[in-house]
Amino acid sequence: MLRAKRGRLGSHLRSSINMALGPHNKGWLSIQTNTSKQLHRPNDDGIPLTDEIILLIFTRFLEIADLVRCAATCKRWRHLVSGDANFICETSQQLCFIDKFIPSLIVGFFHKDDATMLSFIPMASASRRFPVLQKPSLSLAMNIDDELLNSSRIVASRNGLLVIEVQRGKHNRTLKLCVCNPMSGEVHILPALRGKDGLGHYACTVLTTVDYQNRNRNKNSQPPLSSHYHLLMVYSRLHFTAFRSYSSKDGIWRPEGKVTGAQLSKNQIRLMRNGVIAYGGQVAYWITTDLVFGLHLNTLDAMMMRLPWSEGNTFIDTENTLLGMTPKGRLCAIQFSRHWSLSMHGKWEQTNEIHVITYDNNGNTDNNMMQMSNSLWKTKINIQVDKALKVNALATEVKLQWFCEKSGVVFFTASYYGKPRSEVYALNLGTRMIEKVARNTNHNDVWNNFYGYEMDHASYLTTLT
């Protein structure tokens, strides 16, 4: 009985892998993966269990860190984890129950270096794993359909997915979006929003199966398939803030809803960035100016709360702040600060620091959660960056660009007063190590439309060949 079931599952998985890695697919994973090796039956490991039983154990009882260790145990288990990664992620109930960052998820960052070109710069570790990334700059156009070559900008990046706004005129309210996975090369073109459904400024983020799988989730509920996602969007109407979502499973936009409890101005929505999902897919957060906007997705009840302010001799730039989630499911703010202290010679000295400040509301996700308090922000990590920059603190302007919440990597740029040079650095919050990723010697700031990218869990397990 089990063997027959395995045959059906194997056929389905091979079909999905071939679709993702087919000859017309230009995903990065297709360059790395050798499908002939994936489908080759590995040697027997001496364990008297069928592949179906081992996969059942993998999908029901193991965390992703355990799966990585299993893949390193023997060839058979490595092929099971990597070859059946999609199946494991689709059926796993505990895959994302992790308490630590997974640095291996990080790939690099996208940025817009001219009027039309979206380019990609990889991390050194990603270049070693994916040879195609070893080019100094990789155009996003290489990995998506030809009709999207004129895509103007990325508007969201989460859990291995990019949301791209297809170029539109200055006064055109018709909105065309596509969602793509650069690892697999999959591209979904969404139905256009036009006419009375058209809109101007908006903020969006992506909700995936990873967001449903946390410690507070109902154990009896089934997570959505790993390939499914919801695109969440907030925008301004004449007298209220509106919300709308797109379901990839249904292929349609849901009806527009009215947000209650808080209202955003058009300018606040225009400045929104870095949307994140919390509490098992129940709450979405965005950051705008010095505020955090939170939206309960079930009730559309919203709240706003100010970011942490300066304390003592520390000046925190609230506009130089990123938002994210910790591995334990806590909302956190990544902030840049300048700290002044007296030296042993009696002079004031400045140091540049990056702060990680978590918000603790005891895990409440009901309407009482909307009564947020600034007193619940608690600083957890303070990291000095001057030594890595190797310059005088007064001669450096640091800008936080992106927080990759699953891998725990903070991208920031540093420009130097009086010098035609700017650099991109990656700070690993787990190790506190800082790595230089890219350098620009032009006078112009080329780090526009900056979006970090980390692969999804299924792609990550597939690379463990």
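Using a cut-off of 32 Å between Cα atoms, the listed pairs Lys249/Lys436; Lys196/Lys249; Lys249/Lys399; Lys378/Lys406; Lys380/Lys436; Lys176/Lys399 include Lys249/Lys436; Lys249/Lys399 as exceeding that distance. Taking all protein chains together and rolling a 1.4 Å probe, Glu454 ends up with roughly 20 Å² accessible. Using only side-chain charges placed at the Cβ, +1 for Lys and Arg and -1 for Asp and Glu, the dipole size of region 226-336 relative to its Cα centre rounds to 340 debye. Between Phe240 and Leu342, what FRET efficiency follows from the Cβ-Cβ distance if R0 is 60 Å, with the result rounded to 0.05? My answer for the efficiency is 0.70. Remark: region 242-321 carries 42 Å² of accessible area per residue (probe radius 1.4 Å; ligands, DNA and RNA excluded).
Within the assembled protein chains, the solvent-accessible surface assigned to Ile53 is about 60 Å², based on a 1.4 Å probe. One chain, two ends: Glu435 and Arg173. Fully extended at 0.36 nm per residue, the span grows by 90.2 nm beyond their Cα-Cα distance. Largest to smallest in accessible area, the residues Ile252, Ile106 fall in the order Ile252, Ile106 (1.4 Å probe, all protein chains included).
For the listed peptides 188-201, 318-331, a ranking on the average number of other beta carbons within 10 Å per residue, highest first, reads 318-331, 188-201.
Taking every protein chain into account, the 1.4 Å probe leaves Lys112 with about 50 Å² of accessible area, to the nearest ten. Spin-label model, Ser125 to Glu397: label points 7 Å out along the Cα-to-beta-carbon direction sit 3.1 nm apart. If the segment from Thr299 to Glu349 were pulled out straight at 0.36 nm per residue, it would be longer than the present Cα-Cα gap by 13.1 nm.
The values are calculated or read from the model by the stated rules, or taken from the named source; none is laboratory data. Please read all numbers here as calculations on a predicted model, not as lab measurements. Glycine gets a Cβ as well: all are built from the backbone with ideal geometry, and neighbour counts include every protein chain shown. Each accessible area value is taken on the protein alone, full model and side chains, heavy atoms only, with ligands, DNA and RNA left out. Shrake-Rupley method; radii C 1.70, N 1.55, O 1.52, S 1.80 Å.
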